[in-house]
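Please treat every number below as a calculation from the coordinates, not as lab data. Please read these numbers as outputs of a predicted model, since none were measured by experiment. Cβ sites come from the backbone with ideal geometry, for glycine too, and all protein chains shown count toward neighbours.
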Amino acid sequence: AMASAKGTGVVINEVLARGSKGQEDFVELFNTGDETVDLTGWTLRDSQKKSDDDDDDEEEDKGPFVFGAEGCADSAAIAPGAHLLLTRDENCSFSFGLGKKKDEVVLSDADGNVVDQISWKKGEALKGISMGRLPNGQGAFQKSEPTPGEANGQVSVEKLKGELPDGADVTDSCCKKIKKMGFSSNLPVIVIDTKCQEVKDEPKIRTELCTCSDELDYADWAGVEIRGSSSARDHKKKGMAVKLWNATGHNQEFSLLGMPKDEDWVLYGPETDRSIGLRNFLAYNISRSMDRYATRTKFVEVFLQDECNLRTRGGELSMKDYHGVYLLEEKIKRHNKRVDICKHNATKDITGGYIFKHDNDNIDNGDVVFPIKKRFDSKDPMPMVMIYPKGTKEELKAETNFLEEYLNGFERALKSKDFADPERGYEKFIEVDTFIDNFLAVEITKNPDSYRGSTYMRKDCGKKVEMGPMWDYNEAFGMCCGYPIVGYMNAGESGPGTSGGSAISENGWRFNICEDPGRCVRDPQDGISHWFVRLWEDPAYRKKVADRWQELRKGPLSNDQVNANFDEAMTELRPAAIRNYNRWKEEIGSAHFRSTKDQWEHEAKKLRDWTIGRMEWMDTELAKQQFYTHSRG
């Protein structure tokens, strides 16, 4: 960025041209002098020559901002040592849009003399990052964390990112490596250098990780390990868990690719998912369309430098290091921007906050497990795993005892003849609306792992149990599995039965698929699906489900909106998806297609058609419940 100051104590001190979600573009002035300056008649404007390819704002510019104009008395003067903040979301505000790719801001006095100005070109205005004078009011403009109306921080973004251990230049280090090798992508890029180590299951290995994106980029240490099911860990393209570390090995939070700050992240990308992450991406979008939290995601392309021969070529990046497309995901954890529940303190309130899950028999060493009496039959316990708070079995004994009794109370209520009574039945224990939304999300996707695995729940202080957030939908949307009469015969197909179709069919309910005596022979438990089987016996619950479905289908889950979501995701993903198919051709390629592009287009179309067909089947089935009017009272 370029700036100049012309002999007055008033300067442009900070500019935010690309606000992230919840941030408003702003211009901040600062009076470096020792006297109040009268600003009446001064003006602030942007560039009079707009870039043809900029997309700063749909609203037409209405000319320069005039200080001290009617309704803007507070802008008529600036005291010594004071900041004056101008935004676009107040009554007294500038009307012009700040260009994301190329623009300038010019401050002129009442006689039209330029007092100060700043300009930027393509690539210099980063999302969520301001351009501010460091030190405050005096130095050159540098990229920094926004501090609207306050003194600018003492450290630039480049310093905040920390130096790479080998002394390399941190600023744009990833982008420089990628540009040097001639690679470009419309997706963010992550480069992981393992320093000749193999990424293993446990423990995490110490790596260098950097990003290249339109956001504030990361370049520092990270702990990386393999994640996923035991079978997925045998694949050549593996999912990875990432924990951000500083130079001393301690955890450090960072706003990775513009998502809320945290140290824990997941790189999801198993080679068997031929949709290249679209299934998880779409499932989480469905949950968010219901105004429920779901892990935030970003499609990325990953380079993994994990061979020692890289040392001989100076660590330079090449396409030999290309590892394909991944979905960067938030990890499920308590956080005011993730699962927003109270901080647990057993001495003050044993009722919350908790995050726990049912995950079939996938229990790791050290997991704190407490059993629930499924259908209140002590011979058929169902394990729940505590996610938050953390601790040993002994340390969390009071917490697990509380949750065990609470959930057993829910099981008793479901089993009772008064199960539908609003005061004595199931509503005493659960937030029904969250169960309904989770039910609809699972049923849209017909996820075979839902109910039985990766099923998360939470309980806030003084509140009832809620379902969610959603997790692990890579086998959903008709990909797996048949639940046929005996195992996996007949390519997963089976008769209609109670549910009306197998899990790969667009037709039939998922929640009652194992109620047929011939199905689910290998795994008859099916987790918590019996909760929803019992809830479905309450006509009032069924009507609530139908009403909620109709509401969603008129808006965020209409065919038009779902198709638009597909179009947007496919446009963003297509070039990178084809590169991914070429990289893993031996693992996921098929001779039935003329090209990897044809195969990708086929997989995406199959996913789209299945989803629309599935929702239209649900339209028909839920219409049967919608006009129920009988009161339970």
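So the values come out like this:
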{"item": "Point-to-point label distance, A591-S95, nm (Cα→Cβ direction, 7 Å offset)", "result": "6.8 nm"}
{"item": "A77 long-range amide H proximity, modeled H, under 5 Å", "result": "L39"}
{"item": "Rounded FRET efficiency, nearest 0.05, which uses the C-beta distance separating A564 from E621 and R0 of 25 Å", "result": "0.50"}
{"item": "Order of M290, M384 - criterion: other Cβ atoms within 10 Å of each residue's Cβ, fewest first", "result": "M290, M384"}
{"item": "Karplus-derived HN-Hα couplings along the stretch 422-433 (A = 6.51, B = -1.76, C = 1.60, θ = phi - 60°), whole Hz, x at Gly and Pro", "result": "x, 9, 9, x, 5, 5, 5, 10, 10, 7, 4, 4"}
{"item": "Charge tally in the Cβ shell below 11 Å around W471, where Lys, Arg are +1 and Asp, Glu are -1, W471 excluded", "result": "-3"}
{"item": "Distant-in-sequence amide H partners of F96 (H built 1.01 Å from N, under 5 Å)", "result": "K62"}
{"item": "Cα-based reach from K606 at 15 Å (exclusive), listing aspartates and glutamates while leaving out same-chain residues under 8 positions away", "result": "D273, E475, E506, D567, D598"}
{"item": "Cα-Cα pairs of the stretch 253-384 separated by more than 22 Å (percent)", "result": "60 percent"}
{"item": "Too-long pairs where the Cα-Cα distance tops 30 Å, listed order kept, from K176/K204; K337/K417; K122/K204; K122/K298", "result": "K337/K417; K122/K204"}
{"item": "Residues C196, C342, sorted so that the one with the fewest Cβ neighbours within 10 Å comes first", "result": "C196, C342"}
{"item": "Peptide ranges 529-536, 183-190, 547-554 listed from the most packed, as the mean C-beta count within 10 angstrom indicates", "result": "529-536, 183-190, 547-554"}
